[in-house]
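Below is one structure; the comments refer to it alone.
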Amino acid sequence: MREIHVSAIVDAVAGLAVSACCHLPRVLYESIRAAEARETSAAGRDVLQQLLVNADIAREENMPICQDTGLAVVFAEVGQDVHIVGGSFEDAVNRGVAKGYTEGYLRKSSVAEPLFERRNTGDNTPAVLHTRLVPGEHLRLRLAPKGAGSENKSALKMLVPADGIEGVKRFVVDTVRTAGSSPCPPMVIGVGIGGNMELAALCAKRAAARDVNTCNPDPRYAALEEELLQLVNGLGTGPQGLGGNTTAFKVNVEFCATHIASLPVAVNINCHAARHAEIVL
Ligand code: SF4
């Protein structure tokens, strides 16, 4: 049994928050550069160049890539041979979010209650925490800040098996078409297929937080990722909605087992600032 003190978790999460908000993943940066070379619209190319300059400045000056530093979504894989000592795991994650967002001067975007007072919690807590118990003696933490512009354009639909793969494609493309320029395209699009209602949404969120240079290990789903990318890029929305052939950098698909009578599909849209950072303790 390996012990990990909560103070290490607090510091790790704080560091991830600053790093994720200020440093665009290198593979996404390279993807923007490659898209710029392919983009046919002059306005689209100009936007992509500005995104590269923006990412450079953010990295060099440790400034947020975007003013909306989002809710702090944390994926935690806790090894079952890890013993967390010194306090509770969830408290440690939230203390880390508060520390990172406060000391890193990142915008606090969380309100404690959604309908009546909508009072800002002041430190961007609570985190949106997804925890899995896994074999081993390590703790893997992935923090993916998620802004509202793209999250608000995400959608879920309970299809049925008769809708089939064409129904899935239609729903993904319709969701991206309806999103228009609101999620600050080019996007990174996560698609979750299967499970039940909440599991499809979680699958889509995991897919949206995946790196753009990865593909689904199942070749059928990898081909679907590629086909969906071609379809959404055929919409012509383009960078920042100004037209062009780069509406998305990547479509990532995740799937899971589902009911014999269900075909849930969730689309979690991420913007060009598809940020995340990861650490293993
Ligand atoms: S959608 Fe993304 S880039 Fe646009 S404001 Fe929100 S976080 Fe920023």
> What helices does the chain hold that run 15 Å or longer along their axis, going by alpha-carbon atoms, with a Kyte-Doolittle average of 0.0 or more, using DSSP H for the helix calls?
Replying inline: 6-22, 164-179, 197-208
> Of all the stretches in the chain, which is the longest one without any exposed loop site, taking trypsin sites (Lys or Arg not before Pro) in a DSSP loop (any state but H, G, I, E, B) with at most 12 other Cβ atoms within 10 Å?
Replying inline: 120-281
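Quick one: length gained pulling ALA42 to ILE260 fully straight, 0.36 nm per residue minus the C-alpha distance?
That works out to 73.7 nm of additional length.
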> In terms of the Cα gyration tensor, with a ≥ b ≥ c the square roots of its eigenvalues, is the chain rounded because a/c is under 1.5, prolate because a/b exceeds b/c, or oblate?
Replying inline: oblate
> Rg and Dmax of region 149-273 over Cα atoms: what are they, in angstrom?
Replying inline: 13.2, 42
> Counting only protein chains, not ligands or nucleic acids, how are LEU263, LEU28 ordered by accessible area (probe 1.4 Å), most first?
Replying inline: LEU263, LEU28
> Are there cysteines in the chain with no second cysteine's Cβ under 4.7 Å away, and if so, which?
Replying inline: CYS21, CYS22, CYS66, CYS203, CYS215, CYS256
>> Once you place label points 7 Å from the Cα toward the Cβ at GLN50 and ARG33, how far apart are they in nm?
In response: 2.2 nm
>> I'd like to check one number: the per residue accessible area of the chain, probe 1.4 Å, reported in Å² as a whole number.
In response: 46 Å²
> What longest region of the chain stays clear of chymotrypsin sites (Phe, Trp or Tyr not before Pro) that DSSP places outside H, G, I, E and B and that have at most 15 other Cβ atoms within 10 Å?
Replying inline: 117-281
> How large, in percent, is the carbon and sulfur part of the accessible surface of region 149-273 at a probe radius of 1.4 Å?
Replying inline: 58 percent
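Among bridges DSSP assigns within the chain, what percent are antiparallel (round to 5)?
55 percent
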> Got a number for carbon plus sulfur as a percent of region 3-126's accessible area, 1.4 Å probe?
Replying inline: 52 percent
>> For the pair ASN213/ARG107, report the inter-label distance in nm, with labels modelled 7 Å from Cα in the Cβ direction.
In response: 3.0 nm
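The values are calculated or read from the model by the stated rules, or taken from the named source; none is laboratory data. In this text the structure is predicted, and so the values were computed from the model without any measurement. Methodologically, a virtual Cβ is constructed for each residue, glycine included, from the backbone with ideal geometry; neighbour enumeration extends over all protein chains shown. Side chains included, ligands, DNA and RNA excluded: accessible areas come from the protein's heavy atoms. Shrake-Rupley method; radii C 1.70, N 1.55, O 1.52, S 1.80 Å.
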